[in-house]
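See below for the structure under consideration.
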Amino acid sequence: MKEQWDEIRERIVSAWANEDERRTPETLSAVDRAWELLDRGLIRVAEPDGDDWKVNVWVKEAILLRFASHDSHPFEVGPFHFRDKVPLKTDPAGAGIRVVPPATIRYGAFLEPGVVCMPSYINVGARVGSGSMIDTWATVGSCAQVGRGVHVSGGVGIGGVLEPMQAAPVIVEDHAFLGSRVVLTEGIRVGTQAVLGAGVVLTGSTPIVDVRGTEPVILRGHVPARAVVIPGTMPKTFPAGEYGVPAALIIGERKASTDEKTSLNETLREFPIAT
C-alpha cells in the first residue's frame with residue numbers, strides 16, 4: 001500500500017513542478033486518490049515528528065492541484081444549495097462523529113471517532129482528534145491540525161495555511177482548551193494541555209510573554225505545553241507616540257492534577273487575575 005502512495009506522491013510532485021502535466025489523466029487520478037486518502041485520515045498535511053511537526057508538502061500540492069483542475073458545480077444538501085469544487089463529507093454515523101446542523105465539514109477533512117461538531121465549519125485538509133469538541137461558530141481552517149480531547153470554544157477562529165507550501169499549519173495539540181473568540185493564524189502551535197483564555201489572538205509575530213518570573217521572557221509562534229494564557233498588550237513606540245500593541249501573557253501553568261475537562265473559568269481562578 002505504501003508503495004502505491006509513493007507513486008501518487010511522485011506523480012503529484014512532478015505535476016506541481018510541470019504545469020503541462022496537471023490535467024493529464026494520470027495526474028487527475030493521483031490527485032483524486034490523494035484526496036480520498038486525506039479524507040480517510042490515511043495521509044495528513046502535517047504529522048508529529050519527535051518533539052516537532054513535519055509538513056507533508058506534497059499533500060498541500062494535491063489539495064491545490066484539485067482546485068486548479070476541477071470546475072465548480074451546483075449541489076444540494078437537504079434544503080441548502082451550494083456551488084463549489086469540493087463536496088461535503090457524508091456518513092457521520094459511519095465515521096462515529098456527531099454533527100449538529102448546520103455544521104459544515106468539507107470532503108478532504110478528517111475527524112476521528114468521537115468528535116462533536118456544533119454548528120461550525122471545518123475546511124479541506126484539517127484533522128481533528130477523537131474526543132474533541134468544535135463549538136458553535138468555530139472555524140477550523142484548511143490544513144489545521146487539532147489534537148485529541150481539545151475544546152474549541154464558540155467563535156474560535158483557527159486559520160488555514162495552504163501557502164507558502166513549506167509553512168506549517170496551525171497546530172493545537174492534545175487536551176488544549178481554546179476559550180471563546182480565540183484566534184490562531186500563521187502556523188501558531190499550541191502545546192499539549194495549554195489553556196488560552198477568551199479573546200487571545202496569536203499570529204506568527206505576536207509576542208507571547210511569560211510573566212511568571214521577575215523578568216519577561218518573550219516567545220513567538222509557540223505556546224508551551226500546559227501554559228495558561230490571557231490577552232495582554234506591550235508598549236511600542238511609533239512616530240506619533242507610544243501605544244499598546246496586542247500580546248499574549250503566560251500567567252501560569254496548568255496543574256498536572258487538573259481534570260482535563262475543567263472549565264476555562266475554573267483554571268483561570270487558580271491565578272490572581274480577574275475573569
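Where a number appears in this text, it was derived from the coordinates with a stated rule and is not lab data. Since the structure is predicted, the reported quantities are computational estimates derived from the model, not experimental observations. With ideal geometry, Cβ positions are generated from the backbone for all residues, glycine too; neighbour counts draw on all protein chains shown.
Tabulated data
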quantity: Furthest towards positive pole of dipole, V128, S29, P239, structure part the chain, Cβ charges; calculated: P239
quantity: Aspartates and glutamates whose Cα lies under 18 Å from that of K255, excluding same-chain neighbours fewer than 8 positions away; calculated: E173, D174, D210, E266, E270
quantity: Fewest-first sequence of D84, D91 by Cβ atoms within 10 Å of each Cβ; calculated: D91, D84
quantity: Sequence of I218, I250 once ranked by neighbouring C-beta atoms within 10 Å, starting from the fewest; calculated: I218, I250
quantity: For K89, distant residues with modelled amide H under 5 Å away; calculated: I105, R106, Y107
quantity: In sequence order, calculated HN-Hα J values of the range 87-98 (Karplus, 6.51, -1.76, 1.60; Hz; x Gly/Pro); calculated: x, 8, 5, 10, 6, x, 5, x, 7, x, 10, 10
quantity: Relative contact order of the range 67-148, defined on C-alpha pairs under 8 angstrom at six or more residues apart (%); calculated: 20
quantity: Residue with peak Gaussian network fluctuation, the chain [Cα springs, cutoff 10 Å], from T24, T139, T185; calculated: T24
quantity: Cα centroid of the range 217-234 to Cα centroid of the range 124-199, whole Å; calculated: 15
quantity: Proxy reagent accessibility, fewest Cβ within 10 Å first, across S132, S142, S72; calculated: S72, S142, S132
quantity: The range 74-107: trypsin sites (Lys or Arg not before Pro) falling in loop per DSSP and having at most 16 other Cβ within 10 Å; calculated: K85
quantity: Mean residue ellipticity (222 nm) of the chain, computed from DSSP H runs ≥ 4 via -39,500 (n - 2.57), nearest 500; calculated: -6000 deg cm²/dmol
quantity: Candidates G149, G108, G50, ranked by Gaussian network fluctuation over the chain, Cα under 10 Å, top entry; calculated: G50
